[in-house]
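Here is the structure we will look at, set down as structure tokens.
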Amino acid sequence: MSVMERSDQSASSFPDASGPIASGGMNNSQDKANTLNGYRILVVDDEADICDIIRYNLEEEGFLVTVSENGIDAWNRLERSLPDAIILDLMLPGINGLDFCKKVKAKYDVPVIMLTARSGETDAVLGLEIGADDYVRKPFSPRELIARLRAILRRQSKPGQETSQTGNLLIGSITMDTAAHRVLINEELADLTLIEYKLLKLFMENPEIAFTRDRLLDRVWGRDVYVSDRTVDVNIKRLREKLGVEKGRLETVRGVGYRFRGE
């Protein structure tokens, strides 16, 4: 079945969460969504081919998808039925993608993944700074988009998922005991400064999320403290060295900042 054939069968809006979906209007992907997770995703992009590809792949993975081709229509849909996450193109008619993201974040606690052009590093940085949770560059891999979406939804719906029963943060061979303020790597104590510890904690609580230097400064150093971008880079370099065998998890995102790879 082609992408276009698949998209013709998709619902144009979210089903009413308060009642069952009529069996006559349910396709196989909606069946799968009900049996798997049923997360409702709003895709906002004015390119029909891109929307079809995203919708097809998301529905195959069990998501309930609705599509809007401009910001005004997307906002109206969002106001009627709040989605679990938004996949948002930056170049939109009606409302610019950055303005739309800012408007959403000012009113709702809904995660947003931006779709940006390969050369759009400035737009990606601006989007992250106004509250977007992640971004994916066009042309993109549907598998990567779905992986990033799942990671965001896990954090949104299950904030303690990355934490063990003892309250420790666990990624790979890194164990962070937040109560004791201690980090073990391969069961060996890591000698971290307070800033390095705060950076690592932020990254481990938000794996796969790209942070700009400005966001790291706000979250770790605080808004009232003046430090340069170079200070962030130096501390990241030192933290990466202290992570030893796990240093590859702390990735540099060119033109944006840094990201911590999860499992």
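The values are calculated or read from the model by the stated rules, or taken from the named source; none is laboratory data. Since the model is a prediction, treat every value here as computed from it, not as a measurement. Positions of Cβ are backbone-derived with ideal geometry, glycine not excepted, and every protein chain shown enters the neighbour counts. Keep in mind that these areas ignore ligands, DNA and RNA; they rest on the heavy atoms of the full protein, side chains included. Shrake-Rupley method; radii C 1.70, N 1.55, O 1.52, S 1.80 Å.
Over the C-alpha atoms of region 85-144, the Rg to Rh ratio, Rh being the Kirkwood estimate, stands at 0.94. Peptides 229-241, 127-139, ordered by how many other C-beta atoms sit within 10 Å of their residues on average, highest first, read 127-139, 229-241.
Ligands, DNA and RNA left out, the accessible area of region 89-147 computed with a 1.4 Å probe is 54% carbon and sulfur. Under a Cβ-Cβ cut-off of 11 Å, what is the net charge of the residues other than LYS237 that fall near it, where Lys and Arg count +1 and Asp and Glu count -1? Result for the local shell: +2. The gain in end-to-end length when the GLU188 to ARG219 segment is fully stretched comes to 8.4 nm, 0.36 nm per residue minus the alpha carbon separation. Net length available on complete extension from VAL227 to ALA147 is 25.4 nm, with 0.36 nm assigned per residue and the Cα-Cα distance removed. Label-to-label distance, LYS105 versus GLU47, with points set 7 angstrom from Cα along the beta-carbon direction: 2.3 nm. Checking the cross-link pairs LYS103/LYS198; LYS103/LYS201; LYS138/LYS247; LYS201/LYS237; LYS102/LYS198 against a 18 Å limit on the alpha carbon distance flags LYS103/LYS198; LYS103/LYS201; LYS138/LYS247; LYS102/LYS198 as lying beyond it.
For the pair ASP177 and ARG80 in one chain, pulling the backbone fully straight at 0.36 nm per residue adds 30.7 nm over the alpha carbon distance. Peptide packing: for 186-197, 170-181, 49-60, the average count of neighbouring Cβ atoms within 10 Å per residue gives the ranking 49-60, 170-181, 186-197, highest mean first.
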